[in-house]
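*Asks:* Sharing a structure with you now.
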Amino acid sequence: MKFSQSRHIHTITVVAVMSALSTVLMYLQFGVPFAPSFLKFDFSELPALMTAYAISPLAGAAVSLLKIVLHLFGTTTGGVGELSNFLLSASFVASAGLIYHKAKTRKGALLGAAVGALVSMLVSFPVNYFITYPVYFVIFAPKDAIIGAYHALIPFIDSLPKALIVVNMPLTALKGVACTAIAFLIYKPLSPILKGKSTKKSEK
């Protein structure tokens, strides 16, 4: 009973700390050369991914949710950008975590991250097409202006589907790949802390 209570407290603590770190990373956004200035790149999925690996896919998704709740206090998108970020982040870390917990090896972690990045990339199209951009067109800028921003960078983009397929989907996948690369560098030394000393295990 004491062990179960201790694990529960440890899980809550890790999720809370990683959510705070994820929120900070979400504010450290920067642009990328092949995307319009309103699309930003950040590494906020990294803490959620590591939590999904160390504890559970649900814990990783909880980090994705809590970072959004915290980020809402400083939102500049009326919450729709945060909703989109949560759906993409949760689909990435939950998919990666599910596969990793079936095969707790480096190969399992890599496969999980690859599948997670793919799932997140595919989810990004309907989320952006049906939720994010329709709201942006009404609140922030007309459709022609937003498509024009893509067109100025990549001339053959003349519609929203093309913009999402050529720019948004690859950017979503790139975020997953980048976070995975960093996770592979730092996860092993940090895993005993994330898992708790009583669950420390060596991985293949």
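*Asks:* Looking at the stretch 154-164, which of its residues are surrounded by 15 or more Cβ atoms within 10 Å (Cβ to Cβ) and in a helix (DSSP H, G or I)?
*Replies:* Selection gives LEU160, LYS162, ALA163, LEU164.
*Asks:* Kindly indicate the residue of the stretch 68-83 that is in contact (Cβ under 8 Å) with a residue 40 or more places away in the chain and of a type outside the set (Val, Ile, Thr) and also surrounded by the fewest Cβ atoms within 10 Å (Cβ to Cβ) among those meeting that condition.
*Replies:* Restricting to residues being in contact (Cβ under 8 Å) with a residue 40 or more places away in the chain and of a type outside the set (Val, Ile, Thr), the top hit is GLY74.
*Asks:* Looking for whichever is modelled with pLDDT of 95 or more and of a type outside the set (Val, Ile, Thr) here; the options are LYS40, LYS67, LYS104. Which one fits?
*Replies:* LYS67
*Asks:* Name the pairs whose Cβ atoms lie under 8 Å apart, with the first residue in the stretch 154-167 and under 16 Å from PHE137 (Cβ atoms) and touching a residue at least 24 places away in the same chain (Cβ under 8 Å), the second part of a helix (DSSP H, G or I) and among the charged types (D, E, K, R), and 6 or more positions between them or separate chains?
*Replies:* LEU160/LYS143
*Asks:* Of all residues in the stretch 118-161, which are within 27 Å of THR180 (Cβ to Cβ), over 17 Å from the mean Cα position of the chain (by Cα) and of a type in the set (A, V, I, L, M, F, W, C)?
*Replies:* ILE131, LEU153, ILE154
*Asks:* If you check GLY112 against the conditions, is it under 23 Å from LYS162 (Cα atoms), small (Gly, Ala, Ser), surrounded by 17 or more Cβ atoms within 10 Å (Cβ to Cβ) and more than 12 Å from the chain's Cα centre (by Cα)?
*Replies:* The answer is no for GLY112.
*Asks:* Moving on to the next point. Here is a check on your reading of the model: is PHE86 buried (at least 17 other Cβ atoms within 10 Å of the Cβ) and free of Cβ contacts under 8 Å to residues at least 40 places away in the same chain?
*Replies:* The answer is yes for PHE86.
*Asks:* Pairs only if they're at least six apart or on different chains, beta carbon under 7 angstrom, first in the stretch 3-26 and surrounded by 15 or more Cβ atoms within 10 Å (Cβ to Cβ), second hydroxyl-bearing (Ser, Thr, Tyr); list them, first residue then second.
*Replies:* Listed pairs, sorted by first residue: VAL14/THR51; VAL15/THR51; MET18/THR51; SER22/SER44; LEU25/SER44; MET26/SER44.
The values are calculated or read from the model by the stated rules, or taken from the named source; none is laboratory data. These figures come from a predicted structure and were not determined experimentally. Quick reminder, even Gly has a Cβ in these numbers, built from the backbone with ideal geometry, and neighbours come from all protein chains shown.
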